[in-house]
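To keep things clear, I will list the structure first and then write my remarks on it.
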Amino acid sequence: MGGFLHRLRARLQEGCSLGSLASEIIKTDLDVHEQLAAAFDQWRNIFRDGIERMQQLGRISADADPTQLANLLLAAYQGGMLLAQVAQDITPLKDALQTAIDYVQTFATSPDTGILQAQ
């Protein structure tokens, strides 16, 4: 996660392009809400598909809800990015993502193997 956060520090002024777009569009009467929802669905599906794949490989318990965990990861990123952007400090994003990753790892089938490598 360290390399990811390092790259985000440089883009902190911009924030998340999709989140920024959503924030502006939600305030308008433009009829693009469905397209915006579809864009977030695509992103959520990437997380969900990865979690489902980890379940298939036996790395995450079958008790884990991939959609719920995908929502958590997406919300942690979006909320953390907004707070980091406001504070001009990457710490809120780092904390949100680390906490989300820590929770996802509670579903790991082997405590010795981190399912997501956080650095």
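Laboratory data are not the source of any read-out in this text; all were calculated from the coordinates shown. Please read all numbers here as calculations on a predicted model, not as lab measurements. In this analysis, Cβ positions are derived from the backbone assuming ideal geometry, glycine residues included, and neighbour counts consider all displayed protein chains.
Observations, loosely collected:
- The length gained on full extension between T106 and R53, counted as 0.36 nm times the residue separation minus their Cα-Cα distance, comes to 17.4 nm.
- Stretchable slack from Q42 to S61, in nm (0.36 nm times residue separation minus alpha-carbon distance): 4.5 nm
- Amide H contacts under 5 Å for I60, placed H, 5+ residues apart: Q55, T109
- Around the amide H of V32, modelled in the peptide plane, lies no amide H under 5 Å away from a residue 5 or more places distant or on another chain.
- Dipole magnitude for the stretch 49-109: about 120 debye, using +1 per Lys or Arg Cβ and -1 per Asp or Glu Cβ, origin at the Cα centre.
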